[in-house]
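Colleague: Before I ask anything, let me first share the structure, which is written out below as structure tokens.
The values are calculated or read from the model by the stated rules, or taken from the named source; none is laboratory data. What you see is a predicted model, and the numbers here were worked out from it, not measured in a lab. Don't worry about glycine lacking a Cβ; one is built from the backbone with ideal geometry, like all the others, and counts go over all protein chains shown.
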Amino acid sequence: MSYVTEVKKKIKNNNKNETEFLQAVDEVLDSLHPLIEKNENYYKREAILERLTEPDRQIKFRVQWLDDDGQVQVNTGYRVQFNNVLGPYKGGLRLRDNVNIGIIKFLGFEQIFKNALTGLPIGGAKGGSDFDPKGKSDREILSFCKAFMSELYKYIGPDIDVPAGDIGVGAREIGYLFGQYKRLTSSHQSILTGKGLTFGGSLARTEATGYGLLYLTNAMLKTHGLSLENQRIVISGSGNVAIYAAEKAQQLGAKVIAMSDSTGYIRDDNGLDLQTVKNIKEIERGRIAEYVITHPEALYKEGKDIWSIPCEVALPCATQNELTLVDAKQLVSNGVKAVAEGANMPTTLEATHYLQKNEVLFAPGKAANAGGVAVSALEMSQNAERMSWSFEKVDKALQEIMEDIFSKISESAARFKQYDNYVFGANVAAFEKVIEAMIAQGI
């Protein structure tokens, strides 16, 4: 039995029912097999894979808060501090009713690789709770955030662990969390990123993940003699990442023809009016279906078959495993040229393999959506300097980081003659950096 197979079997036995985590581990270890087998005895003796896939610590805590009816509510909070050999733990907080330890571990594991690819000194972590902010009042969200931070603050700090936002955690939630940390510690430390501009936040943080996704996608296309100019783009989701991916795509000359939310999708072959989408989703907090009220020439359809729309570039930006094998076959039959992941693991393993087999350029999330954490780290730098950089300076740094990430993953893939296999390239580039630091620091 190979070392990789042995470790995978052990992880499966020790993490039963943690579907997303097991999927992420399988994807990484399977792709790293060519690298591992070159020096298998050494990696096994040093237990490299066991140390990489077992979190440093997993923190689970009760969150008790008061709703508007005076009823005490109880949720579960998590923080998985996965690996800090490159720097302080760094990763977002997710608030959603389906959050569990398996999802948090999957996200934290992916974060190790994503953060390593940025070239910045940050380790991997993730956290969150099964609390869902949707339908809650501002006062209820404040009550929850204060209770959540009253437990989490014991385990974080500017040189220990610096959380950020994720699904369900935007500027409002970050503000409430930061305020409670400040009350508990009497300090104004850089312990959260994604803060408001008036108290240490960074310009371009809102746009970072979406912009970064397009910077990397553009670099990938250019390497193959292609361009975003006049290309049809389909984007799943209509949250922060999707909206700013669409904005940067339009700035680079592409035509965004479809976006979605949890109820369905809109299609506008003339190109979406992004300002209308922003008004619906960011200001009115409405449903994407409302787009056709002011744009009757567009089509709204319920369901999740957005990938049936013919396009040259597909950007899954909604949630994990949203793009299935069936979807991949549909995209290929319609002539898609590139797929780049804006969400974390939005493409199933079967779909990923099918796209690669059919020579579709595929950029994995750990590389393609690293823009958010990259600018979070730049926010940490600004806080440490007690400085605020211009939007242009941050955006330029973001573009350079994303283009450098593509260069790294492309070179790593080519080194093993796995040309254009950017999943392999991303895993190898990040793995080598993390393992070098891990070995240098001893056990």
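Colleague: Condition test on Leu107, is it in contact with a strand residue (DSSP E or B) (Cβ under 7 Å, 6 or more places away or on another chain) and either crowded, with 20+ Cβ neighbours inside 10 Å or within 28 Å of Ala429 (Cα to Cα) (or both)? Can you show your working first?
Modeller: On the way: in contact with a strand residue (DSSP E or B) (Cβ under 7 Å, 6 or more places away or on another chain): yes; either crowded, with 20+ Cβ neighbours inside 10 Å or within 28 Å of Ala429 (Cα to Cα) (or both): yes.
Yes, satisfied.
Colleague: If you don't mind, there's one more thing I want to ask. Among the residues of region 208-243, write down those that are farther than 19 Å from Ala374 by Cβ and hydroxyl-bearing (Ser, Thr, Tyr).
Modeller: Those that are farther than 19 Å from Ala374 by Cβ and hydroxyl-bearing (Ser, Thr, Tyr): Thr223, Ser227, Ser236, Ser238.
Colleague: Would you please list the contacts, defined by Cβ atoms under 7 Å and residues six or more apart or on different chains, that run from a residue in region 185-198 that is within 17 Å of Leu152 (Cβ to Cβ) to a residue that is of a type in the set (Asp, Glu)?
Modeller: Within 7 Å, the pairs are Thr193/Glu379.
Colleague: If you scan region 138-167, which residues turn out to be of a type in the set (Gly, Ala, Ser), touching a strand residue (DSSP E or B) at 6+ places or on another chain (Cβ under 8 Å) and not in a helix (DSSP H, G or I)? Give the derivation first.
Modeller: First pass over region 138-167, keeping only residues of a type in the set (Gly, Ala, Ser): 143, 147, 150, 157, 164-165.
After this cut, where a residue has to be touching a strand residue (DSSP E or B) at 6+ places or on another chain (Cβ under 8 Å) as well, the list is 143, 147, 164-165.
Matches in region 138-167: Ala164, Gly165.
Colleague: Just the residues that are surrounded by 16 or more Cβ atoms within 10 Å (Cβ to Cβ), part of a helix (DSSP H, G or I) and over 23 Å from the mean Cα position of the chain (by Cα), please, taken from region 246-277.
Modeller: Scanning region 246-277 gives a single hit, Thr276.
Colleague: When residues of region 122-160 are filtered for being touching a residue at least 60 places away in the same chain (Cβ under 8 Å), crowded, with 22+ Cβ neighbours inside 10 Å and charged (D, E, K, R), how many remain?
Modeller: 0
Colleague: Please specify each residue of region 284-299 satisfying the condition of being in a helix (DSSP H, G or I) and not charged (D, E, K, R). Give the derivation first.
Modeller: Quick first cut of region 284-299, residues in a helix (DSSP H, G or I) only: 288-294.
Selection gives Ile288, Ala289, Tyr291, Val292, Ile293, Thr294.
Colleague: If the requirement is being closer than 23 Å to Ala377 by Cβ, charged (D, E, K, R) and modelled with pLDDT of 95 or more, which of these qualifies: Lys146, Lys154, Lys136, Lys126? Walk me through how you get there before you give the answer.
Modeller: Working: Lys146 fails: closer than 23 Å to Ala377 by Cβ; Lys154 fails: closer than 23 Å to Ala377 by Cβ; Lys136 fails: closer than 23 Å to Ala377 by Cβ.
Going through Lys146, Lys154, Lys136, Lys126 in turn, the sole match is Lys126.
Colleague: Tell me, which helices (runs of 4 or more DSSP H) lie completely within region 300-408 with 3 or more residues that are assigned by TED's automatic domain parsing to the domain that holds Asn240 and surrounded by fewer than 24 Cβ atoms within 10 Å (Cβ to Cβ)? Steps first, answer last, please.
Modeller: Values: elements: 325-333, 349-357, 365-368, 371-385.
Result: 325-333, 349-357.
Colleague: Given the condition under 16 Å from the mean Cα position of the chain (by Cα), crowded, with 17+ Cβ neighbours inside 10 Å, touching a residue at least 24 places away in the same chain (Cβ under 8 Å) and assigned by TED's automatic domain parsing to the domain that holds Ile167, answer yes or no: does some residue in region 48-64 qualify?
Modeller: The answer is no, given that none of the residues of region 48-64 is under 16 Å from the mean Cα position of the chain (by Cα), crowded, with 17+ Cβ neighbours inside 10 Å, touching a residue at least 24 places away in the same chain (Cβ under 8 Å) and assigned by TED's automatic domain parsing to the domain that holds Ile167.
Colleague: So Pro121 clears everything in (1) in a loop (DSSP other than H, G, I, E, B); (2) over 24 Å from Ala318 (Cβ atoms); (3) over 22 Å from the mean Cα position of the chain (by Cα) except one condition, right? Which one?
Modeller: Against the list (1) in a loop (DSSP other than H, G, I, E, B); (2) over 24 Å from Ala318 (Cβ atoms); (3) over 22 Å from the mean Cα position of the chain (by Cα), Pro121 comes up short only on (3).
Colleague: Now for a different question. Would you list the helices (runs of 4 or more DSSP H) that sit entirely within region 5-93 and hold 1 or more residues that are of a type in the set (A, V, I, L, M) and farther than 15 Å from Phe106 by Cβ?
Modeller: On the way: elements: 19-36, 40-45, 48-53.
The helices (runs of 4 or more DSSP H) meeting that bar are 19-36, 48-53.
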